[in-house]
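Asker: Structure provided below as structure tokens; questions to follow.
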Amino acid sequence: MTGRACLAPAEAGSCHAGSMDLEVSPALTIPASELGWRFSRSSGPGGQHVNTSDSRVELIWNVAESASLSDAQRMLLLSRLHRRLIAGVITVAASEQRSQLRNREIALAKLAEIVAGGLAPDAPARRATKPTRGSGRRHLAAKQQRSATKRQRQRPPAE
């Protein structure tokens, strides 16, 4: 995973789910004040427990109005993540675990991975190369071999 969910408390001494800053990279940390949370009942395993607890988590972050991004980073994220964004807002859901806290951590990790991927530099363009003379010969030899094999399978001509 490229990004990681850093559970850094807002004030030293307590570390609870309400004060999670998201460290995407050493250069970018999204403050907890910019992150919005929505909770709902989760489907899946958990027995009667899932009927009573809101363990499904949706993490909401407004990319377009984030103060933690530079203008260049904002434009890059808006262009690369445009399919995931609704009005400049990205939403990540997590309901894999029975625990709401664990689902919060998973949602933070997912968002960190998405943002880190969106800010990652483009891979260098592939340089086109010609096949070597030897590989061309091997290719033709293999084709001739296949052709001979298929010719062997045919019925002999009737005389």
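Asker: What's the extension gain from ASN62 to ALA87 if we count 0.36 nm per residue and subtract their Cα-Cα distance?
Answerer: Numbers: separation 25, 0.36 × 25 = 9.00 nm, distance 0.85 nm.
Once the chain is fully extended between ASN62 and ALA87, it gains 8.1 nm.
Asker: Quote to one decimal, in nm, the extra length available between SER79 and THR132 on full extension: 0.36 nm per residue of separation minus the C-alpha distance between them. Please report the intermediate quantities before stating the final value.
Answerer: Values: separation 53, 0.36 × 53 = 19.08 nm, distance 3.94 nm.
Length gained between SER79 and THR132: 15.1 nm.
Asker: For ARG80, ARG137, what's the fewest-to-most ordering of other Cβ within 10 Å of each Cβ? Before the final figure, lay out each step's value.
Answerer: On the way: ARG80 16, ARG137 11.
Ordered by Cβ neighbours within 10 Å, fewest first: ARG137, ARG80.
Asker: Order these by the 10 Å Cβ neighbour count, fewest first: THR129, THR149. Walk me through the intermediate numbers first.
Answerer: On the way: THR129 6, THR149 9.
In increasing order of surrounding Cβ atoms, one gets THR129, THR149.
Asker: Then there's this: For an R0 of 30 angstrom, estimate the FRET efficiency from the Cβ-Cβ distance between GLN145 and ALA123 and round to the nearest 0.05. Write out the running numbers ahead of the final one.
Answerer: On the way: r = 37 Å, r/R0 = 1.23.
Working from the Cβ atoms, E equals 0.20.
Values quoted throughout were computed directly from the atomic coordinates according to the rules given, and no laboratory measurement underlies them. Values in this document were obtained by computation on a predicted structure and should not be read as measured data. Glycine also receives a Cβ, built like all others from the backbone with ideal geometry; neighbour counts cover every protein chain displayed.
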